[in-house]
Structures are given as C-alpha cells and as structure tokens.
Amino acid sequence: MALFLLYESASGYSLFEVHGVDEIGQNTEAVRNSVSDLNRFGKVVKLRSFNPFTSALDALKQCNAVSEGILTDELRTVLETNLPKVKEGKKSKFSLGVSDPKIGSQISEVTKIPCQSNEFVSELLRGVRFHFDTFVGDLKSGDLEKAQLGLGHSYSRAKVKFNVNRVDNMVIQAIFLLDTLDKDINSFSMRVREWYSWHFPELVKIVNDNYLYAKVAKFIEDKAKLAEDTIPGLTDIVGDEDKAKEIVEAAKASMGQDLSPVDLINVHQFAQRVMDLSEYRKNLYDYLVAKMNDIAPNLATLIGEVVGARLISHAGSLTNLAKCPSSTLQILGAEKALFRALKTRGNTPKYGLIFHSSFIGRASAKNKGRMARYLANKCSIASRIDCFAALYLNAERGTTVFGEKLREQVEERLDFYDKGVAPRKNIDVMQAAIESAENKDTEMETEAPAEVSGKKTKKKKQKAAAAEGDDMAVDTNGDAVEDHKSEKKKKKEKRKLEQEMEVDDQAEDDGANGVTSEQEGTVKKKKNKKDSNGEALEAGGESKKKKKKSKKKDTE
C-alpha cells in the first residue's frame with residue numbers, strides 16, 4: 001500500500017510520497033536512524049507537490065483551521081488534485097499520513113481518503129521537517145525562518161486575543177496582592193506599635209486601630225511636646241475629644257524612655273510608610289470591586305466581590321470556575337481537608353472558600369452544610385451566566401439582575417430553614433429575572449433625551465413633578481421629606497401651581513358651559529321618556545292582571 005505524507009509548513013501545504021515501505025516494514029528505529037542522513041532519507045521520501053499560501057493572513061487562517069481539526073477548501077483541493085482518486089465501494093490502495101488525528105478523521109469523513117497517525121508517521125514527518133528547505137528548492141535561505149517567525153507571532157496573538165474589559169487575570173493578581181498587603185500591613189503595624197511603645201507605651205491601650213495608631217504616632221513624635229494646644233489636632237485624627245485629652249494626660253505620666261531625634265525620625269518615616277500602604281490597600285480594594293462588577297457582576301452581587309474574586313483566583317479563571325460543578329465549587333479551597341478525610345475515612349468538609357460568605361455565618365450550626373450546598377449551587381449558576389451570557393447578551397453591558405434574584409433565593413432559603421416559609425421555585429425566579437433583564441435592555445435602547453419646545457413648559461413639568469412627589473411622600477410616609485429647597489420656596493411653588501390650575505379650570509368651565517347645558521337638557525328628556533315608559537309598562541301590567549282575573553271567573 002502506498003503511503004503519502006501531509007506536511008503543513010509556515011509557507012504552504014506539501015505532499016510527500018514514501019517509497020519502499022514494504023522493504024522497511026515500518027521499522028521506526030530504521031527511520032529514526034535514517035533521518036539525519038539526507039542521502040538515505042531522500043531515497044525513501046520524495047516531494048510530490050508544494051502549494052504555497054497566498055499571504056500571511058491566508059497562512060494564519062489555514063493554521064487556525066488545522067489546529068482546530070477543520071478541513072478547509074484549499075486543503076481539500078490540494079488533496080483531491082494531487083492524490084489518486086478513491087473509488088466508491090472499493091478499498092483504496094494508498095493511505096495519507098498526518099500529524100494530528102483530528103484533521104485526519106475530518107479528511108477521511110469528507111474525502112473518504114484513509115488517514116493514519118502513528119509513531120512511524122511521526123518519525124517520517126520529523127525527517128521531512130528537518131530537510132524541508134532542501135526538498136523545496138524554490139525557497140531561499142532564511143525565507144522559511146521568517147515565515148515561521150511571522151506565523152508564530154500572529155498565531156499566538158490570535159490565540160491570546162481577549163476583551164480588555166473582561167480580563168479575569170487582573171482580578172486574580174489584585175486578590176493575591178490584596179491578601180499580601182493585608183499580611184504586610186498587619187506585621188508592619190505591629191512593628192510600629194512595638195517600636196513606638198518603647199517611647200510611649202500607654203498609647204497602645206488608648207488607640208486600638210492600627211491605622212489610627214500609626215497616624216497618632218506620626219503626629220505626636222516626641223511625647224514631651226504634647227500640651228493642651230495639641231488637643232484639637234489629636235481630636236481631628238482620633239475623632240473623640242475625650243480620647244485626645246486622655247492621650248495628653250497619659251503622655252504627662254508616661255513611663256516610656258526618651259528617644260533621640262534620629263530614632264524619632266525613623267519611627268516617623270516608618271509610620272508614614274504604613275499609612276501609605278493602608279491607603280494603597282483601600283485604592284486596590286476599590287479597583288477590585290470595579291473589575292469584579294465588569295467581569296462577574298452577578299457573582300459579585302450574590303456572594304460579594306472579595307469571596308467571588310477568591311473563587312476565580314483559586315479556579316484559575318472565570319471559565320474554569322464556570323465549568324466546575326456546584327459540588328466542586330462548594331469545597332473549593334478545602335482540598336487538603338478533603339483528601340485527608342478520604343485517606344482517614346473521616347467526614348469530608350462541608351465548605352471551602354464560600355465559608356467567608358455572610359450567608360454561611362447567618363445560618364444555624366445544623367444548617368451550615370445545607371446552606372453551603374445551596375449557596376454553591378447558586379454561585380455556579382451565577383458564574384456560568386457571567387461567563388457565557390456574553391454570547392447571547394450585549395457583552396459591554398453587564399447586568400446584575402440574575403445575581404439579585406439569586407441572592408433573594410438564598411435569603412428565602414435562610415427564612416425557610418429558620419421560620420419554615422416556603423421559598424419560590426427556581427424556574428419562576430429565573431423567568432422573572434429574564435423578563436426584567438429584557439425590560440432593562442429595551443429601556444436602555446428606547447431612552448433618549450426628549451426635546452421640548454419652550455422653557456416654560458419644561459419648568460411647569462418640573463414643578464408639577466416636584467409637587468406630586470412631595471404630595472406622594474407626605475401621603476405614604478406621613479413624615480417630613482428632606483429636600484434641598486427651603487419650605488418657603490416650596491410654598492411659593494405650590495401657590496403658583498394652584499393659581500395656574502385654577503385659571504385652567506375656569507377656562508375649561510367657560511368653554512364648556514353650553515355643552516353642559518345641552519347635556520342637562522338631554523338628561524331631563526331621557527328621564528321624562530323613562531318616566532313615561534315606566535307608566536306605560538305599569539298600565540300594561542295592570543290590564544294583564546285584570547284579564548287573568550276575568551278568565552279565572554269564567555272558568556269557575
């Protein structure tokens with residue numbers, strides 16, 4: 001049986017014919033030894049055809065198709081024109097050797113050409129790759145290397161291409177940095193406390209917060225300089241005048257040792273560094289919240305930004321988290337405890353990273369496992385919506401409707417465990433979420449700034465809306481509504497509105513007087529007709545009664 005080889009290079013498709021396969025007996029070791037020697041290998045493998053790519057874009061297209069196991073029209077044309085035709089119902093007398101089994105199965109399905117991919121074919125293709133520039137004589141020196149470099153860059157760039165607004169890598173790095181900053185700030189704050197306590201040990205018991213302690217230590221520096229005039233500055237930092245006075249009194253009777261100016265400068269600089277790190281930590285947290293609302297808005301709404309970011313980080317990406325079943329997501333982060341339990345045949349863990357959610361803490365001890373299982377189920381749904389909903393919805397407009405509905409379901413489940421209140425069905429909640437999401441999309445599309453002719457009409461509408469809002473607030477709440485405008489302005493606006501309404505009512509009354517009089521006349525006529533009709537009906541009824549009485553008398 002004849003054997004052909006398909007080799008996809010960076011410059012084009014090439015077909016090679018293998019001679020003497022029967023003599024070799026498909027000995028892989030013999031081929032491996034003959035690869036390095038061109039004279040021996042050239043006698044076995046010979047070039048049959050070479051079809052170059054038309055452009056770099058065409059090369060990238062063909063490379064992407066081959067890597068995904070798709071048979072393109074160009075490759076099909078190359079195979080059908082250069083290989084013997086396969087007759088239907090008869091066994092073919094040749095086979096095609098390919099490097100990837102995926103593309104081989106696709107070729108055999110479409111063109112009915114038998115393909116094979118094994119170790120023997122791989123060694124032959126390795127030899128072809130090694131001596132390819134000598135087989136194709138039209139290529140100049142360096143052309144193949146340039147084509148490989150350009151195609152490799154474009155192929156990698158296409159594979160790594162992503163949406164900048166939906167990069168979960170940034171979330172992973174941010175949550176790692178946030179955890180590291182928490183540890184560093186904590187250790188640095190303890191170092192500041194220990195260092196400054198040699199000078200002012202009583203301050204530790206008065207100020208408990210690490211950030212405030214560093215701020216106060218930076219403000220005080222030398223405790224001997226504390227006096228009554230420093231109390232306002234301490235009050236601004238601490239937020240309590242009594243605590244500021246307590247610090248000043250404690251400084252007067254402090255048991256700490258004096259520090260040299262150089263030591264105080266170092267303590268001052270270190271306290272400033274701790275404060276800067278704390279400020280950066282706050283900014284980093286805000287950045288993480290913003291990125292989570294862009295990447296996984298529903299997951300962040302359901303379980304919180306920090307816990308959601310930890311789940312994404314532990315899974316590796318949002319796509320990996322979406323692929324996880326809810327049972328895996330439930331114990332994500334507790335792998336050591338799981339395998340230890342499996343090894344010792346003990347109880348498996350009930351929760352991992354989702355334990356940090358407030359829902360698990362609010363559940364009772366006996367319901368924590370059930371709550372963790374239910375919460376993991378909803379987190380799995382939310383992550384899949386965030387990951388794959390971009391295929392069906394607008395990717396630039398992240399919606400939190402599903403996350404809010406899932407959060408309501410978790411709240412209802414908590415009430416069910418505590419009070420026995422039956423929760424809603426999942427299909428009803430999801431249907432309501434889909435409808436509300438569609439309504440929001442239509443509202444966003446239809447909303448446009450309405451152009452109103454004239455400034456007076458705008459002012460009147462704004463005043464009327466404000467007055468209606470005030471009336472509604474008073475009717476529903478019964479409490480005073482706080483507005484930016486003063487009460488006098490409100491009263492004046494209401495008076496003007498009432499006057500305008502009275503003028504409009506008078507004009508309408510004056511214009512409609514004739515119509516009302518005519519309507520009254522017609523109403524009176526109708527009443528008269530009704531009265532006359534009623535009297536006629538009554539007379540007819542009396543005559544019928546008299547006839548019936550006369551008939552009864554005749555029969556008697």
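The values are calculated or read from the model by the stated rules, or taken from the named source; none is laboratory data. As the structure is a prediction and not an experimental result, all values here were calculated from the model. Glycine also receives a Cβ, built like all others from the backbone with ideal geometry; neighbour counts cover every protein chain displayed. Only protein heavy atoms, including side chains, enter the accessible area calculation; ligands, DNA and RNA are left aside. Shrake-Rupley method; radii C 1.70, N 1.55, O 1.52, S 1.80 Å.
Numerical summary
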quantity: Hits in the range 90-144 (condition: of a type in the set (Ser, Thr, Tyr) and at pLDDT below 85); calculated: Ser92, Thr134, Ser141
quantity: Tally of residues being part of a helix (DSSP H, G or I) and surrounded by 18 or more Cβ atoms within 10 Å (Cβ to Cβ) across the range 315-338; calculated: 6
quantity: Lone unmet requirement of (1) farther than 30 Å from Leu212 by Cα; (2) acidic (Asp, Glu); (3) in contact (Cβ under 8 Å) with a residue 24 or more places away in the chain for Asp258; calculated: (1)
quantity: Residue within the range 53-67 that is more than 44 Å from the chain's Cα centre (by Cα) and touching a residue at least 40 places away in the same chain (Cβ under 8 Å) present; calculated: no
quantity: Residue in the range 402-420 that is assigned to a helix (DSSP H, G or I), modelled with pLDDT under 80, over 21 Å from the mean Cα position of the chain (by Cα) and among the basic types (Lys, Arg) present; calculated: no
quantity: From Ala382, Ala315, residue being touching a residue at least 60 places away in the same chain (Cβ under 8 Å) and under 22 Å from Gly403 (Cβ atoms); calculated: Ala382
quantity: Within the range 183-221, tally of residues that are open to solvent by 40 Å² or more (accessible area, probe 1.4 Å) and closer than 19 Å to Gln257 by Cβ; calculated: 9
quantity: Leu299 in contact with a helix residue (DSSP H, G or I) (Cβ under 7 Å, 6 or more places away or on another chain) and either in a helix (DSSP H, G or I) or surrounded by 17 or more Cβ atoms within 10 Å (Cβ to Cβ) (or both); calculated: yes
quantity: Residue in the range 268-281 that is among the hydroxyl-bearing types (Ser, Thr, Tyr), outside the structural domain of Ala334 (by the TED database) and not in a loop (DSSP other than H, G, I, E, B) present; calculated: yes
quantity: Strands (runs of 3 or more DSSP E) fully within the range 1-113 counting 2 or more residues that are open to solvent by 80 Å² or more (accessible area, probe 1.4 Å); calculated: 45-52
quantity: Among (1) outside any helix (DSSP H, G or I); (2) open to solvent by less than 90 Å² (accessible area, probe 1.4 Å); (3) of a type outside the set (Asp, Glu) - the single one Gln257 does not satisfy; calculated: (2)
quantity: Qualifying residue in the range 235-246 (condition: crowded, with 17+ Cβ neighbours inside 10 Å, in contact (Cβ under 8 Å) with a residue 40 or more places away in the chain and among the small types (Gly, Ala, Ser)); calculated: no
quantity: Selection from the range 267-285 of residues that are open to solvent by 50 Å² or more (accessible area, probe 1.4 Å), closer than 20 Å to Val207 by Cβ and of a type outside the set (Lys, Arg); calculated: His268, Gln269, Gln272, Asp276, Glu279
